[in-house]
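The values are calculated or read from the model by the stated rules, or taken from the named source; none is laboratory data. All figures in this text were calculated on a predicted structure; none of them were measured in a lab. Neighbour counts are summed over all protein chains in view; Cβ atoms, including those assigned to glycine, are modelled from backbone coordinates with ideal geometry.
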Amino acid sequence: MTSRLSRVLAALLFTLTTFLSACSSDSKDATSSDGASNSSGAESGTWPRKIKHEKGELTLKSKPKRIVSTSVTLTGTLLAIDAPVKASAATTPSNITDDKGFFSQWSSIAKKKGVDVLYPNLKFDKEALIAANPDLVVIASSGADSAIDHYKEIAAQYPTIVVDYSKQTWQELSKQLGEATGQEANAKKATADFDKYVADAAKKIKAPEGNAAVVSYNGPGKEQGVAKKSGPQSRLLEKLGFRIVEAPADLEARKDKRGDFSFVTHENLTKAVNPQTVFLLTGDQKTESSFLADPVVANMPAVKSKQVYGLGPTSFRIDYYSGKQMIDAVVKRLGG
């Protein structure tokens with residue numbers, strides 16, 4: 001009898017201990033008075049979690065399952081971390097997109113994952129957004145694919161974050177989006193793979209001596225873009241062994257300054273940068289020939305030595321897919 005009673009008491013004690021342990025665990029994950037997790041939740045994978053973004057802070061109650069991207073640029077990174085993208089805005093079809101207006105570097109991935117066109121030609125369509133019924137909307141803070149002007153009306157109806165891709169590398173962007181979408185592990189895996197790709201490529205490249213610059217060449221009489229050192233293209237090229245220079249701030253021709261590129265007049269291009277090597281954004285052989293034939297830059301060291309290299313048509317935005325294509329273009333021209 002005593003033995004039986006002892007077993008019952010032991011069982012009750014085990015049950016009580018388990019219950020108290022569970023309560024203690026729940027207390028650690030309990031939400032604060034505003035409904036958000038006491039911590040960001042990003043490291044532990046817990047929900048709800050607070051997501052800081054360009055317009056403030058958003059509390060997500062659960063892991064998103066129907067993400068809508070209003071930025072065709074951000075869609076590539078979302079796909080790379082295997083975020084559940086339901087639909088994405090599409091740009092006007094061209095030689096750098098598929099027939100839907102999705103960028104060619106990731107359009108096949110989007111097709112495989114069943115990503116719908118949210119709206120074409122980057123023309124915001126609220127009805128299309130409503131039909132997509134998202135549990136998270138992602139907006140770019142700047143750029144031609146930004147829907148920032150519609151942020152208030154979108155955020156009033158759906159959980160929404162605003163991301164600035166112009167001031168971040170692809171790796172930094174993937175981490176930010178990974179935390180926002182609950183895809184931290186996939187973000188780490190994808191960025192590790194990308195970083196290895198960069199490191200392997202750097203071993204194959206023999207960088208010319210002197211400085212280098214990334215120029216978005218638009219032809220005579222037009223504004224020319226010069227990549228800032230903080231821009232994704234510049235930072236990627238520096239990891240490949242190049243020393244990037246940027247344009248002085250006082251030569252900026254636009255009031256609406258960007259985080260990745262400065263814009264200067266055609267006449268000030270050589271004054272802005274005078275490097276030994278020039279990389280042409282979205283450039284191909286035809287772009288290289290046009291730049292080399294431009295009399296305004298005839299005395300630039302890079303032109304004299306003909307060290308002018310196109311970065312390929314998808315280099316205008318760096319994501320997991322286009323970044324690898326840009327690396328391949330550099331290795332092809334400067335691989336030692």
Suppose the filter is within 16 Å of GLU179 (Cα to Cα), more than 21 Å from the chain's Cα centre (by Cα) and modelled with pLDDT of 50 or more; does ARG66 pass it?
no
Which members of region 163-186 meet the condition of being under 12 Å from the mean Cα position of the chain (by Cα) and of a type in the set (Val, Ile, Thr)?
VAL163, THR169
It is to be established whether one or more residues within region 224-232 are surrounded by 23 or more Cβ atoms within 10 Å (Cβ to Cβ) and at pLDDT below 95.
yes
Identify, by number, the condition in (1) assigned to a helix (DSSP H, G or I); (2) out of contact with any strand residue (DSSP E or B) (no Cβ under 7 Å at 6 or more places or on another chain); (3) under 30 Å from LEU129 (Cα atoms) that ALA180 doesn't meet.
(2)
Members of region 75-96 found to be buried (at least 17 other Cβ atoms within 10 Å of the Cβ), modelled with pLDDT of 95 or more and either over 16 Å from the mean Cα position of the chain (by Cα) or within 22 Å of ILE130 (Cβ to Cβ) (or both), listed by number
THR75, LEU78, ALA83, PRO84, VAL85, LYS86, ALA87, SER88, ALA89, ALA90, THR91
Residues being modelled with pLDDT of 95 or more and outside any helix (DSSP H, G or I) - total across region 137-151
8
Within region 134-141, does at least one residue satisfy the condition of being surrounded by fewer than 21 Cβ atoms within 10 Å (Cβ to Cβ), among the small types (Gly, Ala, Ser) and under 14 Å from the mean Cα position of the chain (by Cα)?
yes
Within region 297-330, of all residues that are in contact with a helix residue (DSSP H, G or I) (Cβ under 6 Å, 6 or more places away or on another chain) and hydrophobic (A, V, I, L, M, F, W, C), the one surrounded by the most Cβ atoms within 10 Å (Cβ to Cβ) is ILE318
Restricting the search to region 172-230, which residues are among the hydroxyl-bearing types (Ser, Thr, Tyr) and closer than 24 Å to LYS304 by Cβ?
SER216, TYR217
Assess whether THR59 counts as being closer than 21 Å to SER166 by Cα and of a type outside the set (D, E, K, R).
no
Close pairs from region 181-192: first more than 23 Å from VAL68 (Cβ to Cβ), partner surrounded by 19 or more Cβ atoms within 10 Å (Cβ to Cβ) and of a type in the set (S, T, N, Q), Cβ under 6 Å, at least 6 apart
THR191/GLN171; THR191/SER174
Check TYR217, TYR197 and return the single one that is farther than 30 Å from HIS266 by Cβ, at pLDDT 95 or above and of a type in the set (Ser, Thr, Tyr).
TYR197
List the residue pairs whose Cβ atoms are under 7 Å apart, where the first residue sits in region 155-166 and is more than 15 Å from LYS61 (Cβ to Cβ), the second is assigned to a helix (DSSP H, G or I) and of a type in the set (S, T, N, Q), and the two are 6 or more positions apart or on different chains.
VAL163/GLN176; TYR165/THR73
